[in-house]
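Have a look at the structure below, then the notes.
We did not get these values from a lab; they are worked out from the coordinates using the rules stated. Predicted, not measured: the structure shown is a model, and the values here were computed from it. We place every Cβ from the backbone using ideal geometry, glycine too, and count neighbours over all the protein chains shown.
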Amino acid sequence: MNLKDIEILKTQYLKEMTRLLNFSEEELAVIHSLNIFRAYKKGTILLKEGQFSKTSYYLIKGCLRSYYLVDGEEKITAFFTENEQFSPSCIITNKPSEHYVACVEDCLVSIGTPESEKMMLERFPRFEKICRLYSEELLVKQQTAFDHFKIASPEQRYMNFVSSRPDLLQRVPQYQIASYLGLTPQSLSRIRKRLVKTEQYLHKVAI
């Protein structure tokens, strides 16, 4: 993303937030004054194991992944894309991070800290309800996804992924998708080939 693209995205983001939340001119002025926007290049590591951070990220454009390193191998736990938020667990635990967060693509984010959020809530109390509802919705979404993941077979995991996050199929390398699904790249390749053959067979039967 070049500077022009970043400015366009920032303007679009603020317009959309104003439409959804009915920001006043005063609220917009405060948001501008906080200097909350950051642009990161693909491959940038935002958080490493052992680091401590109080920064949360709201994705305006791009994709992040969170992962652990186990014996030098990535174990991906989540992907975050547009209109999703990532908050490191160390914000709550006050302990160093146990995982990494990195940019899968060039990213534009708005950042938040407990201090900036406290200031906004004190100045604009109506944001408290908005933040609470968003947090509750996010928690339900994450719990549902985790439950489905735990009870699904490898093939079902992939099919659920295709159904729920089709955009990521063209944005994320296959080996990272395999890691997220708890599979080897070879196993994922076999599942994909098997599903293609099944789809071709069903198509012939339908004809």
Of everything in segment 77-108, what is of a type in the set (Val, Ile, Thr) and more than 12 Å from the chain's Cα centre (by Cα)? Give them in sequence order.
Ile91, Ile92, Thr93
Here's a check for you: in segment 176-197, which residue that is surrounded by 14 or more Cβ atoms within 10 Å (Cβ to Cβ) and touching an Asp or Glu at 6+ places or on another chain (Cβ under 9 Å) is nearest to Val104 (Cα to Cα)?
Gln176
Do you know which of the residues in segment 86-104 that are in contact with a Ser or Thr (Cβ under 6 Å, 6 or more places away or on another chain) and not aliphatic (A, V, I, L, M) is nearest to Leu14 (Cα to Cα)?
Ser87
Looking at this structure, is Glu74 without any contact (Cβ under 8 Å) to a residue 24 or more places away in the chain, in contact with a strand residue (DSSP E or B) (Cβ under 9 Å, 6 or more places away or on another chain) and of a type in the set (Asp, Glu)?
no
When you check Leu108 against the structure, is it closer than 24 Å to Leu28 by Cα and assigned to a strand (DSSP E or B), yes or no?
yes
When both residues are 6+ apart or on different chains and their Cβ atoms are under 9 Å apart, which pairs have a first residue that lies in segment 1-30 and is in contact (Cβ under 8 Å) with a residue 60 or more places away in the chain, and a second that is in a helix (DSSP H, G or I) and not aliphatic (A, V, I, L, M)?
Leu21/Glu27; Leu21/Arg126; Leu21/Phe127; Glu27/Thr18; Glu27/Arg123; Glu27/Phe127; Val30/Arg123
When residues of segment 21-45 are filtered for being touching a helix residue (DSSP H, G or I) at 6+ places or on another chain (Cβ under 9 Å) and over 13 Å from Phe124 (Cβ atoms), how many remain?
4
Right, Ile111: surrounded by 11 or more Cβ atoms within 10 Å (Cβ to Cβ) and β-branched (Val, Ile, Thr) or not?
yes
